[in-house]
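Heads up: the structure comes next, in structure tokens.
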Amino acid sequence: MAVALDNGLIVPVIRDADKMGLDEIQEESAVLAEKARAGKLAPGDMQGGTFTVSNMGMMNVESFGAIINPGESAILAVASGVPTAVVRDGEIVIRNIMKITLSADHRVIDGSMAAAFVNVVKAKLEDAELWESMI
């Protein structure tokens, strides 16, 4: 994750995120963000990351490309949801469309695997039943 501070970004590491539920990841990210803002992160809190999610959506950014942090394999840039006219079932409707962009180190991840990952993320984000089951 990335945390914006007055003097720049800092990237604390959420360890073992693959073994956590979304609620646990949210809780850990809140703890790390607070430690970052208070200047209380230890060096070990910022080492050993493999993947970063950079969310500028809360800053009203419609699209951006993020640069991979040194030592990591990829970074996912998440932008704001923007009301957009789209065609669904032959009708023009307004939907919130959020752009995501994956930057991947091709020495570690090949492009087809990166594309497959983005498509899985997209499918999960668009799965209304999945979101309803989390309520």
So the check is Cβ under 9 Å with 6+ separation or different chains; which pairs have a first residue in region 94-118 that's more than 23 Å from Asn60 (Cβ to Cβ) and a second one that's aliphatic (A, V, I, L, M) and in a helix (DSSP H, G or I)? Ala104/Met113; Ala104/Ala114; His106/Ala114
So which residues in region 3-41 are farther than 22 Å from Gly71 by Cα, open to solvent by less than 70 Å² (accessible area, probe 1.4 Å) and hydrophobic (A, V, I, L, M, F, W, C), if there are any at all? Met20, Ala30, Ala38
Residues in region 31-47: is at least one under 28 Å from Ile135 (Cβ atoms) and acidic (Asp, Glu)? yes
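Here is a yes/no grid of residues against (1) assigned to a loop (DSSP other than H, G, I, E, B); (2) surrounded by 13 or more Cβ atoms within 10 Å (Cβ to Cβ):
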{"residue": "Gly48", "(1), (2)": "yes, no"}
{"residue": "Ser54", "(1), (2)": "no, yes"}
{"residue": "Ala66", "(1), (2)": "yes, yes"}
{"residue": "Asn69", "(1), (2)": "yes, yes"}
{"residue": "Ile100", "(1), (2)": "no, yes"}
{"residue": "His106", "(1), (2)": "yes, no"}
{"residue": "Ile109", "(1), (2)": "yes, yes"}
{"residue": "Ala114", "(1), (2)": "no, yes"}
{"residue": "Lys124", "(1), (2)": "no, no"}
Inside region 72-93, can you point out the residues that are surrounded by 10 or more Cβ atoms within 10 Å (Cβ to Cβ) and either in contact (Cβ under 8 Å) with a residue 60 or more places away in the chain or over 19 Å from Met113 (Cβ atoms) (or both)? Val78, Ala79, Ser80, Gly81, Val82, Thr84, Val86, Val93
Filter result for Ala77 (in a loop (DSSP other than H, G, I, E, B) and touching a strand residue (DSSP E or B) at 6+ places or on another chain (Cβ under 7 Å)): no
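The values are calculated or read from the model by the stated rules, or taken from the named source; none is laboratory data. From a predicted model like this one, the values you see are computed outputs, not experimental measurements. FYI the Cβ positions are ideal-geometry reconstructions off the backbone, even for glycines, and counts take in every protein chain you see. The accessibility values were calculated without ligands, DNA or RNA, using every heavy atom of the protein model including side chains. Shrake-Rupley method; radii C 1.70, N 1.55, O 1.52, S 1.80 Å.
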